[in-house]
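Here is the structure we will look at, set down as structure tokens.
What follows draws every value from the coordinates through simple rules; no lab data is involved. Keep in mind that what you see is a predicted model, and the values were worked out from it rather than measured. Quick reminder, even Gly has a Cβ in these numbers, built from the backbone with ideal geometry, and neighbours come from all protein chains shown.
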């Protein structure tokens, strides 16, 4: 018997383009770098629900709002794909089922890191935005990031976090990370000391 649901999930999985090898901005931004370390060393473990969430996000990224989209950049051995950029405007797109009241710190960090990649590659940044699209109520919310940190401080943090992920042992866990309870590596993380 044909399983349409199974074929749909297989098609969604095939639609996923593999990330370029290397360390990406998204690896550096979580509050818990241990999850990123496990993903780099063990590979990604995604449930069908997660595959579908990522697929919805990819579909949102197909919408072109600014002149340049999916701009791939590198600095200091760190790769990043900028969602949208035009004339000094950086735009990052996010899907959500629960729109935040304020921009969560990992997303703020991601935008700051993208700003570094853009600036270091000759793309000036005057404004940076994150647009959330809520998949439940179909509402959008735009956050504008006013970074008060210097580019030097952000670059230093990026390189420090990169060094942590390049270590041979996993870094300390951060159970205060809001995503800890959903982490795909929980069974590995809590089984090791």
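Brief remarks follow.
- Unmet criterion (only one of (1) without any contact (Cβ under 8 Å) to a residue 12 or more places away in the chain; (2) at positive phi) for residue 18: (2)
- Hits in the stretch 158-174 - residues which are closer than 22 Å to residue 104 by Cβ and in contact (Cβ under 8 Å) with a residue 40 or more places away in the chain: 158, 161, 162, 164, 165, 171, 172, 173, 174
- Qualifying positions in the stretch 176-193 - free of Cβ contacts under 8 Å to residues at least 60 places away in the same chain and part of a loop (DSSP other than H, G, I, E, B): 190, 191, 192, 193
- Only one entry in 27, 31 is touching a residue at least 40 places away in the same chain (Cβ under 8 Å), touching a helix residue (DSSP H, G or I) at 6+ places or on another chain (Cβ under 9 Å), surrounded by 15 or more Cβ atoms within 10 Å (Cβ to Cβ) and not in a loop (DSSP other than H, G, I, E, B), namely 27.
- One residue stands out in the stretch 90-102 among those that are in contact with a helix residue (DSSP H, G or I) (Cβ under 8 Å, 6 or more places away or on another chain) and under 17 Å from residue 139 (Cβ atoms): the one that is surrounded by the most Cβ atoms within 10 Å (Cβ to Cβ), namely 94.
- Any hit, the stretch 144-158, residues being in contact with a strand residue (DSSP E or B) (Cβ under 9 Å, 6 or more places away or on another chain), in a helix (DSSP H, G or I) and surrounded by 14 or more Cβ atoms within 10 Å (Cβ to Cβ): yes
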